[in-house]
Amino acid sequence: MFLLAALSLAGMTVLAFHVGRRRALSKAGGRWGSLRSLPTQYGYFVALWTALPASIAALAWGTLGQRALPWAAENGLDARIPGLVLLLSTACAGLAWAAAKVEPSFPARESTERIIRILLFLSSGVAILTTIGIVLSLLFEALRFFALVSPVEFFTGLSWSPQTSLRSDQVGSSGAFGAVPVFTGTLLITLVAMSVSIPIGLLAAIYLGEYASPRVRSVVKPLLEILAGVPTVVYGFFAALSVAPMIRRFGESVGLDVSSESALAAGLVMGVMIIPFISSLSDDAIAAVPRAMRDGSLALGATRSETVKKVLLPAALPGIVGAILMAVSRAIGETMIVVMAAGLAARLTANPLSAVTTVTAQIVTLLIGDQEFDSAKTLAAFALGLTLLVLTLGINLIALETVRRFREQYE
Amino acid sequence: MTRSVEPSAPPTADPHEEEPNGARATTTVGEPRARVRAIGLNVFYGEKQALFGIDLAIPPNQVTALIGPSGCGKSTFLRCVNRMNDVIPTCRTTGRIELDGADLNSPSIDVVQLRAEVGMVFQRPNPFPKSIYDNVAYGPRIHGLAETRAELDDIVMGSLERAGLLKEVEDRLTEPGTSLSGGQQQRLCIARAIAVKPRVILMDEPCSALDPIATARIEELIDELRESYTIIMVTHSMQQAARISQRTAFFHLGRIIEEGETEQIFTDPHEERTQDYITGRFG
Amino acid sequence: MSSAGASDLRATALTGRARRRLARRHRAEKRFRAYGFGAIAIALGILMLLFASIVIGGWGAFFRSEATLEIRFDAERIDPDGLRKPDVLATGDYGGLVRDALERLFPDVAGRRAKRALRRLMSRGAAYDLQKRVLDNPALIGQSASIPLPLSDEADLYVKGRISPDLPETERTLSDRQIAWLDALRERGRIHTGFNPGFFSSGDSREPELAGIGGALVGSLMTLFVALILCFPLGVAAAVYLEELAPETRWTRLVEVNINNLAAVPSVIFGVLGLAIFLGTFGLPRSAPLVGGLVLSLRTLPIIIIASRASLAAVPPSIRSAAMAIGASPIQVVAHHVVPNALPGILTGTIIGMAQALGETAPLLMIGMVAFVVDIPTGITDPATVLPVQIYLWADSPERAFVEKTAGAIIVLLAFLVSMNGTAVWLRQRFEKRT
């Protein structure tokens, strides 16, 4: 059906192009000189007017027409037929209207280019539209949630169990919605991840930038980048099936009680995932420190490590802080690793060996499967989502600002 | 040449047992005393040879100006004296260059220590993004020249004084070095270099980024510093070379065409090419 | 070291303290260097460990073990009335045929429990296999033939050496007796392990030995196709507008900031968006590649816009001036000169964006692509799953054999990603050489 519609529209468009071109030529009596634009530009003009309104009509039908389906089915109609009719009739109307406008004096190129300009402008607006969509969809449902559960309880409550009902007299009566354990879980895993990725990423960047030969660098850098390209679900699998049992066995051998899903396993693997972010961003920051600084320090008899520690790192600090902030924002928003390896138990603990849950893992669990949009349980996911969005964007904005200031310093 | 710096093993023998003439083995009697001496020095960047058999003796406590057209090897030579060429991975050196008779390319030379002996001032002022005080204190700190804060203060103040900068910055030592004007920054870099008490100071066109007034101050300063240091200076300005140097070496295409007393080079050059260059016929 | 004296710079001036200090500084330098080297070694070591554990764990998924049984196509069991009617044939007791064949091989097995344990060695897929053979060729009825049939997941793992017979019986799902039967079958040369085409062609299944990634692969391709046809034109158009045509206004600055922020939004949020807008407001079907593609296109859009803008900006301005000077309109300059020159860079960015979309999991969980789908989807509105979600689902399954399947699916996913990124690198290098 989709294919049929697309093919027929494509056919109409090609036809329209020829109609426009032929018509312009015949009107001009075969003399190009009397036309304001090239014959092909008349063709483009008619083709655009055929394809564009029809595509918009089809899109509108595709999204809103779904609503007509039950009605159509009741009346024994295939709802897709009117859709196709709508598409083709709009295309024909567009073609006829545009073809009628073809005159030697008509500025086809200018007219076409105006439409293209508008189309390009609208495309750039899709990003804004997406943001508005994200904010609105989160905000509406989150507000409905906060009508059921007070924000004070959400942001300060210490007990999170959205699945079971604790007190039947509670508003929403489906569970406890104190999100503090969820936030601390996120914090704990992020801390573990950063304590892996910051030292390794930073030291790797320094080694590659200051010590490694160009050949080593050209081999090692892309290898490190692979770590960033591995899908998170693969890391999740690795964390849950390789790292977690390893930690558990190790914990048992030294007499520690490690739960099979632990913040440590998820955090370690997430840290590995983030290494390339830190290393490539801080590599950029260190490379942005002017060569003269490095030479000045070396010429005074400083060793390379003294130059790095006393001149380059302090000078690149804002850039590195920016890189770390971006990585933190990434870690907070990371989902699959925690869903697969961190567990779902909301526990208020700072012990990385126990299972914790995170904002992202809760969003996934609350929204997988059938949702009722009026239950506090489902709506809680949107409140968590809104918190997550504000948090990650806030950190990211600070990071971008820090990096921008840092760049200006050396430009 | 290896890119990394071989740490020198501590000398096995007691330094006092060494004979002074042992340490001056390559200096033949009768030649003028030279602080820095190059003997058949060649430098290559990958396949390309930048210096061809340079022979040059630089006497102590004088200003030696290196002149010549761009790309003639002056800066390359300068960077051989403190082995800053090591930073470039493809760079290779053959022949000999000595500081007070010690072979600088010998594997037992510790470049960290060498660079404490041979300071360098760059073309563009490059103060670290630290305070004025910390800029000057950087060298003494890494080399451990001061045991107490008071000693360090003395070194910093003395160096700023000698660089003629103390009066201007006395009351704002904690401000960043980058807040100074271009000429002040360059004098700060000179103060930073002399704070380590080097024997030689290398200057790579130290005034090319400065205005005439700042240039005049730096030139004055160089003239004063010559009493305590040996200064080797690359310059593009004939007038500057004539004004402040005692000796001049003219480089061309990686070779020394002529060297000698500045006065002689500028008034009565032996070589036609030198004559052409200093009168501005090429270069 | 006879020349040491001659080479030492301050032979007389260096005090013992200074010399010790120098040595300490050099040790610190070596240590620092070693830290850096160690960091890289750790990172690359983990990368190797990751790949090694997946390849070792998942390689077996591409193979399956079969036992060759003497099947008698007994008319009693599959076509009692002898009419060869397809609907009767389809409901025949094919499991019984397998059972009979096994009991003929091990005539001394007695007792219901023992017989059931014996039957469990074979996969349920064995019956489907026989059913298919009979439906294709009803003439088989009444005859007998040696037919290789799939083993059950546990038996398969044992044959591949993944279950050690040395483990105590209580710690494995295969009993000592079953292991003895398998060993006997192997001794009689009835067991073979070969390539498993079903892994690539079948849909999901509750039986690990029958489950395949065929459905997920098709779902992934459809989802990526939808994402590509949406976000490539939109992304390039937006990039062209922002880089080439837009005046420096508050609006363009807003769009730019917005795109940069969108790139930093956690992917799970895009899933929430898809759930609320595409499923909630527009009422599009759940679990469909159409919705998955829509969500992923929004996720990929910022990446494509940023990459496209960078490569548009890299087109030398002289080309623009030259075209402009001949009298081309701004749109013509862009369409005839700038975009063709920037195309390799745009394509590179698009491929990298698509590779990222291929690995994306979290947002697709939100829009229901996590459903258990056995059938291979035939259209973009059919319920489907995608490769990374399939990996997530299998990783969550309790059966041991699914671990192997999961790692196998990961190998396939990584192979796709490597080839996509490889293409992108190749494109970039070709492009760089030309300019």
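The residues of the range C:358-404 occluded by other protein chains by 50 Å² or more of accessible area, set against the chain on its own, are C:M366, C:Y392; surface from heavy atoms, 1.4 Å probe. Working note: Karplus 6.51/-1.76/1.60 with θ = phi - 60° gives the range B:224-235 the couplings 5, 5, 4, 4, 9, 10, 9, 10, 10, 10, 8, 9 Hz, where Gly and Pro are set to x. A 1.4 Å probe run over the protein chains yields, for the range B:214-283, 49 Å² of accessible area per residue, whole-number rounding. For the peptides C:65-77, C:190-202, A:112-124, the ranking by mean Cβ contacts within 10 Å, running from highest to lowest, is C:65-77, A:112-124, C:190-202. Looking at the range B:30-278 alone, DSSP beta bridges between its own residues are antiparallel in about 60 percent of cases.
Amide H to amide H distances under 5 Å link B:I257 with B:F250, B:F251, B:H252, where only residues 5 or more positions off or on other chains count and H is placed in the peptide plane.
Summed over both chains, the contact between B and A buries some 1800 Å² of accessible surface at a probe radius of 1.4 Å.
Rounded to 0.05, the FRET efficiency of the B:T90 and C:S53 pair, given R0 = 30 Å and the Cβ-Cβ distance, is 0.15. Partner shielding of C:19-26 amounts to 6, given as the average count of beta-carbon atoms from other chains within 10 Å of each residue beta-carbon. Taking every alpha-carbon pair under 8 Å whose residues sit at least 6 apart, chain C reaches a relative contact order of 19 percent. Would you list the membrane-span-like helices of chain C, meaning whole DSSP H runs whose alpha-carbon atoms span at least 27 Å along their axis and whose mean Kyte-Doolittle value is at least 1.6? Flagged H segments are C:214-240. If one puts a single equal scatterer on every Cα of the range C:214-434 and applies the Debye formula without solvent, what log₁₀ I(q)/I(0) results at q = 0.07, 0.10 Å⁻¹? Per q value, in the given order, log10 I(q)/I(0) is -0.27, -0.52. In order along the range C:364-373, phi translates into HN-Hα couplings of 6, 4, 5, 9, x, 6, 8, 5, 7, 10 Hz, rounded to whole numbers, per the Karplus curve 6.51 cos²θ - 1.76 cosθ + 1.60 with θ = phi - 60° and x for Gly and Pro. Remark on the protein assembly as shown: Rg and Dmax equal 38.6, 127 Å (Cα only).
Name the residues of the range C:240-273 whose accessible area, probed at 1.4 Å, falls by at least 50 Å² once all protein chains are in place instead of their chain on its own? Residues shielded by partner chains are C:Y241, C:W251, C:N258, C:N261, C:L262, C:A264, C:P266, C:V268, C:I269, C:V272, C:L273.
Residues of the range B:117-147 falling in the label zone of B:R243, defined by backbone nitrogen less than 20 Å from a point 7 Å along Cα to beta-carbon, are B:121-125. Potential lengthening of the chain between C:A139 and C:R104 amounts to 10.3 nm, from the contour at 0.36 nm per residue minus the alpha-carbon distance.
Here the contact order of chain A, divided by its residue count and restricted to Cα pairs under 8 Å and six or more residues apart, works out to 17 percent. Rolling a 1.4 angstrom probe over the protein heavy atoms with all chains in place gives the range A:240-337 an accessible area of 33 Å² per residue. Computing the accessible area with a 1.4 Å probe over protein heavy atoms, can you report the carbon and sulfur percentage for the range A:2-144? Carbon and sulfur atoms account for 73 percent of the accessible area of the range A:2-144. Taking both sides together, the accessible area buried where A meets C is about 6800 Å² for a 1.4 Å probe.
For peptide A:96-107, the mean count of partner chain Cβ atoms within 10 Å of a residue's Cβ comes to 0. By accessible area, using a 1.4 Å probe on protein heavy atoms only, chain C has 59% of its surface on carbon and sulfur. Heavy atoms of the protein chains alone define the surface here; on that basis chain C has 45 Å² accessible area per residue at 1.4 Å probe size. Taking the 1.4 Å solvent-accessible surface of chain B as the whole, the part contributed by carbon and sulfur is 49%.
The stretch between A:S150 and A:F2 holds 48.6 nm of extra length on full extension. This uses 0.36 nm per residue minus the Cα-Cα distance.
Across the range B:30-278, the mean sequence separation of Cα contacts (distance under 8 Å, 6 or more residues apart), normalised by length, yields a relative contact order of 27 percent. Across peptide A:196-208, the average count of Cβ atoms from other chains found within 10 Å of a residue's Cβ is 5. Placing unit charges on the Cβ atoms only, positive for Lys and Arg and negative for Asp and Glu, gives the range B:43-108 a dipole magnitude near 220 debye about its Cα centre.
Measuring heavy-atom accessible area with a 1.4 angstrom probe and counting protein chains only, the residues of the range A:324-339 that give up at least 50 Å² relative to the chain alone are A:M336. Using a 1.4 Å probe over protein heavy atoms, the accessible area lost on pairing B with C, summed over both chains, comes to approximately 2100 Å².
The values are calculated or read from the model by the stated rules, or taken from the named source; none is laboratory data. A quick note: this is a predicted structure, and the numbers were derived from the prediction, not measured. Methodologically, a virtual Cβ is constructed for each residue, glycine included, from the backbone with ideal geometry; neighbour enumeration extends over all protein chains shown. Areas reflect the complete protein model, heavy atoms only, side chains present, ligands, DNA and RNA absent. Shrake-Rupley method; radii C 1.70, N 1.55, O 1.52, S 1.80 Å.
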